[in-house]
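Working notes, beginning with the structure itself.
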Amino acid sequence: MQRIRKYNFKSKALFFLSLLSVMFFSSCEDVVKLDLETGETKLVVDAEIIWQKGTTGNVQVIKISKTAPYYNNTTPKVSGAQVKVENSNGDVFTFNETEPGSYTCNNFVPVLNMDYTLSVTAEGQSFKATEKLTSVTPIDRVEQEIHKDGEGKESIEIVFYYKDPVDQINYYLTDYRADFLLYPEYTLTDDEFYNGNEINNRFTNDDDKIQPGKTINITHRGISKNFYNYMNLILEIYGGSPFSIPPGNIRGNIVNTTDSNNFAFGYFRLCEADKVAYLVK
């Protein structure tokens, strides 16, 4: 049996929207603003090295920001940081700040199964994380089918297929993006019960917005077991809800070497990816 976990923002968002509508709009004139406790500010390191098949992968971006109070409209960017990634051969790739909080490397060299170490120095603190660049099985084909729900209502379902390698344990993270999605939808997959066979992942939309002429952008990543476990916890607990806050009880692999108690949010991951833009017929 294939184990696939699908998460989207909508189901959780609808629940929270319903709850908030009761709390906020019970009066036609007055809006209640909850007095939420502000936690300790933490560094947030968005460090995904993603190597798309068929490209050199030389341009990579790491973003650094800080947590902010719930009602803030902006996320504080962290400027002036020193960011570099070093591979197990001793090659160092420097990420230079190109805009506030955004650090770019133009000469990165991705090598599958090689270990890389991220080093960040920001606001007097030093952070490190080590991860391996994980390969991905390419997408063989993308098809569309007609899906019927329990009431017989028909909708379009997008299905993509790939052949899982038989000689290794694999973990995958896929996201789907389209102009009718406010947020991406995610699928986590492992091959524990499907090793060496063809795997298919399916994308549907409850609002029946997958219509002819729409483009579905699929990014299919190979990920490590540790990152799979991390994302599984994040998505299970928070469901990718736009109302959620950074999960203080779920730590990534980024360690503060200056003060271990002052940890950063985020996970340094290196993924080979296959991307497909599918035009719905």
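Note on the range 133-190: among residues that are in contact with an Asp or Glu (Cβ under 6 Å, 6 or more places away or on another chain), in a strand (DSSP E or B) and over 16 Å from ASP274 (Cα atoms), the one that is modelled with the lowest pLDDT is LYS148.
Yes or no, residue by residue, for (1) polar (S, T, N, Q); (2) at pLDDT 90 or above; (3) more than 16 Å from ASP46 (Cα to Cα):
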position: GLU192; (1), (2), (3): no, no, yes
position: ASN195; (1), (2), (3): yes, yes, yes
position: GLN211; (1), (2), (3): yes, yes, yes
position: THR215; (1), (2), (3): yes, yes, yes
position: ARG221; (1), (2), (3): no, yes, yes
position: LYS225; (1), (2), (3): no, yes, yes
position: GLY240; (1), (2), (3): no, no, no
position: GLY248; (1), (2), (3): no, no, no
position: THR257; (1), (2), (3): yes, yes, yes
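Look at (1) out of contact with any Leu (no Cβ under 9 Å at 6 or more places or on another chain); (2) under 30 Å from ASP259 (Cα atoms); (3) crowded, with 16+ Cβ neighbours inside 10 Å and you find that VAL120 fails only one, number (1). I'm trying to understand the selection: among the residues of the range 77-91, which are exposed (fewer than 14 other Cβ atoms within 10 Å of the Cβ) and either under 9 Å from VAL120 (Cβ atoms) or without any contact (Cβ under 8 Å) to a residue 12 or more places away in the chain (or both)? Matches in the range 77-91: GLY90 only. All conditions in (1) closer than 11 Å to LYS63 by Cα; (2) at pLDDT below 95; (3) among the hydroxyl-bearing types (Ser, Thr, Tyr) hold for THR74, with the sole exception of (1). You will find that of LEU188, LEU233, LEU181, the residue that is more than 21 Å from LYS53 (Cβ to Cβ), among the hydrophobic types (A, V, I, L, M, F, W, C) and within 13 Å of the chain's Cα centre (by Cα) is LEU233 and no other. Just one of (1) in a loop (DSSP other than H, G, I, E, B); (2) farther than 24 Å from TYR116 by Cα fails for GLU236. It is (1).
The values are calculated or read from the model by the stated rules, or taken from the named source; none is laboratory data. Bear in mind that the values here come from a model prediction, so they are computed numbers and not experimental data. Using ideal geometry, Cβ is built from the backbone for each residue, glycine included, and neighbour counts are taken over all protein chains shown.
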